[in-house]
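Below you'll find the structure, written out as structure tokens, and then a few comments.
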Amino acid sequence: MSEALVAPQAPEASASGASGARQFWRRLRTQRAATVAAGVVALLVLVALAAPLLTALEGQDPFTYHPALIDSARGGVPVGSLGGVSADHWLGVEPQTGRDLFARLVYGARVSLGVAFAATVIQVLLGLVVGVAAALGGGWIDQVLSRITDIIVALPLMIMSLALLAIVPQSFPRPVLVTLVIGLIAWGSMAKIVRAQTLTLKGLDYVAAARLSGWGAWRIARRELLPGLAAPVITYASILVPVNISTEAALSFLGVGVKPPTPSWGQMLTAADVWYQAAPQYLLLPAGALFVTVLALTVLGDGVRTALDPRAASRLGVGTGRRRAALAAGKAKATAGATAKEGSA
């Protein structure tokens, strides 16, 4: 009976999945802002992965001090114009230490992006497991998991992160610790979304047919529920990544995140707060990198949401595009009115 129910559906499901993927990419490509944002994100990831190669081309590294390149008489301000920019130091050097800014910026991208993406993966996995288990388990299982999720959601992320990061020994790798803290504290919202969507999918005919066929809960979740959960999970994950980047930067800025000499954009901002007048580029470079990264990920996330659900209008779809659409609609109405008048005349 099981084979009779599901075997004929397999090719259709596969074809539907392939067609859905093609439609998704087609819709995403039609959104110019999302396409540009995807290119910016891809470039940032490429820079982070190629950090050793880029610094080797420059001939520098993020840890070596260059005391000859700072003016100790002025309190450690870099020697030269634009913060010590030269052929050997493409973006200048760090005040007081003389470490190369370009090297620290690209290696900082590795830490900031790595922490954000890894924490998002943890949040998605925990949210999927808890949400699906709660919806499929029902009864006391749903009650227990739902109450645990409510507690996790109610926890203040920054305060809990500050407390946990402050009590862990300094010998523990800070990027790994920040990743675990963010991932293990902030998965509650993902679990709630997954549980609600799973409860909706449970009532559909194809899930009921799989259940009547004798499939176990794990097989139903893997074969029937996970494809239906892909759209909301991907959409929310694309929102979590910029949030996690900002959280890592905030924790490092507060002094409990990534510690020197390991470079991260938040840690660079922490050290730059006393140099913004004497060496403004030391503040502007990591702040600009954070701004561009968060903006690109936010725009890309909005584009992914719209491509997965074309009925939902983009939150960023304002300005020229809407004005053109409104203008076109106005012209069409005017033309129709003129035609009607001519016909009546």
Review point. Pairs, please: C-beta under 9 Å, at least 6 apart or cross-chain, first residue buried (at least 24 other Cβ atoms within 10 Å of the Cβ) and in the range 114-137, second not in a helix (DSSP H, G or I)?
Key: V115/G257; V115/V258; V115/S264; A119/A186; Q123/A186; Q123/W187; G127/W187
Review point. Is it true that some residue in the range 107-117 is more than 30 Å from G188 (Cα to Cα) and either in contact with a Pro (Cβ under 8 Å, 6 or more places away or on another chain) or not aliphatic (A, V, I, L, M) (or both)?
Key: yes
Check your understanding: more than 30 Å from I193 (Cα to Cα), crowded, with 19+ Cβ neighbours inside 10 Å, modelled with pLDDT of 80 or more and more than 17 Å from the chain's Cα centre (by Cα), is that true of L269?
Key -> yes
Check your understanding: Looking only at the range 110-162, which residues are at negative phi and not in a helix (DSSP H, G or I)?
Key -> L155, P156
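Do we have any residue at all in the range 51-64 that's at positive phi, of a type outside the set (F, W, Y) and touching a residue at least 40 places away in the same chain (Cβ under 8 Å)?
No, every residue in the range 51-64 fails to be at positive phi, of a type outside the set (F, W, Y) and touching a residue at least 40 places away in the same chain (Cβ under 8 Å).
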Revision key, fill the gap. Checking G228, G183 in turn, the sole residue that is under 30 Å from T306 (Cβ atoms), without any contact (Cβ under 8 Å) to a residue 40 or more places away in the chain and assigned to a helix (DSSP H, G or I) turns out to be G228
Practice item. Considering every residue within the range 43-55, establish whether at least one is crowded, with 17+ Cβ neighbours inside 10 Å, over 24 Å from the mean Cα position of the chain (by Cα), modelled with pLDDT of 90 or more and of a type in the set (V, I, T). Key: yes
Exercise for review: Would you check which residues across the range 208-231 are farther than 28 Å from L28 by Cβ and not aromatic (F, W, Y) and list them?
Suggested key: A208, A209, A210, R211, L212, S213, G214, G216, A217, R219, I220
**Study point:** Candidate set from the range 153-198 (those that are at pLDDT 90 or above, more than 20 Å from the chain's Cα centre (by Cα) and of a type in the set (A, V, I, L, M)); member that is surrounded by the fewest Cβ atoms within 10 Å (Cβ to Cβ)
**Key:** A154
Exercise for review: Please indicate, with yes or no, whether at least one residue in the range 259-280 is more than 19 Å from A33 (Cβ to Cβ) and among the basic types (K, R).
Suggested key: yes
**Study point:** Residues within the range 195-214 that are in contact with a helix residue (DSSP H, G or I) (Cβ under 7 Å, 6 or more places away or on another chain) and in contact (Cβ under 8 Å) with a residue 12 or more places away in the chain, tallied
**Key:** 12
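The values are calculated or read from the model by the stated rules, or taken from the named source; none is laboratory data. Values in this document were obtained by computation on a predicted structure and should not be read as measured data. Glycine gets a Cβ as well: all are built from the backbone with ideal geometry, and neighbour counts include every protein chain shown.
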